[in-house]
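> Would you mind keeping the following structure in view while I ask a few things?
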Amino acid sequence: MTPASPDINITPETPVRAPSSVPVDDAVLPYEVASLDLRGRLTRLGPALDDILTKHDYPPAVGKLLGEAIVLTTLLGSSLKFDGRFILQTQTDGPVSFLIVDFQAPDRLRAYARYDARRLAAGQDSAALLGRGHLAMTVDQGPDMSRYQGLVALEGGNLEDAAHEYFLRSEQIPTKVRLAVGEEWRGGGDGPKHRWRAGGMLLQFLPKAPERARQPDFHPGDAPEGVVVDEVAEDDAWVEGQSLISTVEDIELLDPDLSGERLLYRLFHERGVRVFAPLPLRAQCSCSREAVSGMLNSFEPADRAGMVKDGKVEVTCEFCSSVYQFTPLEAGVEE
Ligand SMILES: [Zn+2]
């Protein structure tokens, strides 16, 4: 990690310092293009993502999909100012029926997916793996605060599509999201080494005058015949923002040798981009022997007794695959 830097202004006119050429992995970089009223975040994930996906040993397509969900979670959850939690989950009818990413502010990430190996086939992309169902985003600010939940339908699209739909319908903030996950092979003494990498970008149009953020909401086809459809022209600044982010290639989001600052500079230098201090991320599960023991105690005695196998109770954490073993006595089972 490079040390947290204060607002770094990397506009060509007034360089406070040159854009860092040192790539920073496992961090979210907030940025702003003030001249276009654009704000956003850029995520680069290396070791933290590799740690999560490698522990589970998923088939590559499932790992890629869960990786996309993890990147999306970091883009959305990293704006939490409090010591809270952002949980993204999908429940769908595709081969990957359930996935969950749990982000605990300020930096902890964990995730897992459930899939049916018999339904996996070559060539399935993330949309095909998901199928139809819904995506839920939960913001949990602790026991004394109300939980917020946002829901969006998954209707055969991927997670980028779902994020766009969510921001259009629920938040009414013009938003573009890009997600990329890749497998990197690096040569070494004991043969090529496999690593997961990911990158993602969120771009939002946040003008001071709210009418500038109006978007063409419903397809004209939805209107009954004879009704004049109110055509909303998108603001020029947002048209430009969308066209700039649409030029970002997956390879640029994943490139371990291209720093996030350089990528942002490459995209927005003509308009001037300010990059703020990176927010570090790490893979860490919050499970503990104490917490698992507490969960066991909340079960009915008969259910606990049914969990005894070979003279012990064994619980595996679905997030990190840690195995916790208890004697029947510890698990509260009467001998
Ligand atoms: Zn765990």
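> If neighbour count is taken as other Cβ atoms inside 10 Å, put 196, 185 in order from fewest to most.
Numbers: 196 26, 185 10.
Ranking 196, 185 by Cβ neighbours within 10 Å, fewest first, gives 185, 196.
> Between 260, 200, 191, find the one with the highest GNM mean-square fluctuation for the chain; connect C-alpha pairs within less than 10 Å.
Residue with maximal mean-square fluctuation among 260, 200, 191: 191.
> Please arrange 126, 259 by how many other C-beta atoms lie within 10 Å of their C-beta, fewest to most. Please list the in-between numbers first.
On the way: 126 23, 259 19.
The most exposed by this proxy come first: 259, 126.
> Just grab the label-to-label distance for residue 314 and residue 114, each label 7 Å out from Cα along the Cβ direction, in nm (one decimal).
About 2.1 nm, to one decimal.
> Separate question: Grab the beta carbon distance between residue 57 and residue 35, set R0 = 56 Å, and tell me the FRET efficiency rounded to 0.05.
The computed FRET efficiency comes out at 0.75.
> May I ask you to derive the FRET efficiency for residue 125 and residue 246 from their Cβ-Cβ distance with R0 = 22 Å, giving the value to the nearest 0.05?
0.70
> With θ taken as phi - 60° and the coefficients 6.51, -1.76 and 1.60, list the Karplus ³J(HN,Hα) couplings across the range 271-286 in order, rounded to whole Hz; mark glycine and proline as x.
9, x, 10, 9, 10, 9, 4, x, 9, x, 10, 8, 8, 8, 7, 9
> Counting only helical runs of four or more DSSP H residues, what would the 222 nm mean residue ellipticity of the chain come to if each run contributes -39,500 (n - 2.57) and the total is spread over all its residues?
Calculated mean residue ellipticity at 222 nm is -6500 deg cm²/dmol.
> Gain in length, residue 165 to residue 329, computed as 0.36 nm per residue apart minus the alpha-carbon separation, to one decimal in nm?
Using 0.36 nm per residue and subtracting the Cα-Cα distance, I get 54.0 nm.
> How far apart, in nm, are two points set 7 Å out from the Cα along the Cα-to-Cβ line at residue 148 and at residue 321?
Each label point lies 7 Å from its Cα, and together they span 3.5 nm.
> Still on this structure, please answer the following. Put a dot 7 Å past each Cα toward the Cβ at residue 271 and residue 293; how far apart are the dots in nm?
5.5
> Can you sort 96, 333, 313 so the residue with the fewest Cβ neighbours within 10 Å comes first?
Ordered by Cβ neighbours within 10 Å, fewest first: 333, 313, 96.
> At 24 Å minimum axial length over the Cα atoms and a Kyte-Doolittle cut of 1.0, report the qualifying DSSP H helices in the chain, or say none. Walk me through the numbers before you get to the answer.
Details: long enough: 60-77 (25 Å, 1.33).
Counting only whole DSSP H runs, the qualifying helices are 60-77.
Read-outs: derived from the displayed coordinates by stated rules, not from any lab. Small disclaimer: the values here were computed from a predicted structure and weren't measured. A quick note on method: Cβ atoms are made from the backbone with ideal geometry, for glycine too, and the neighbour counts reach across all protein chains shown.
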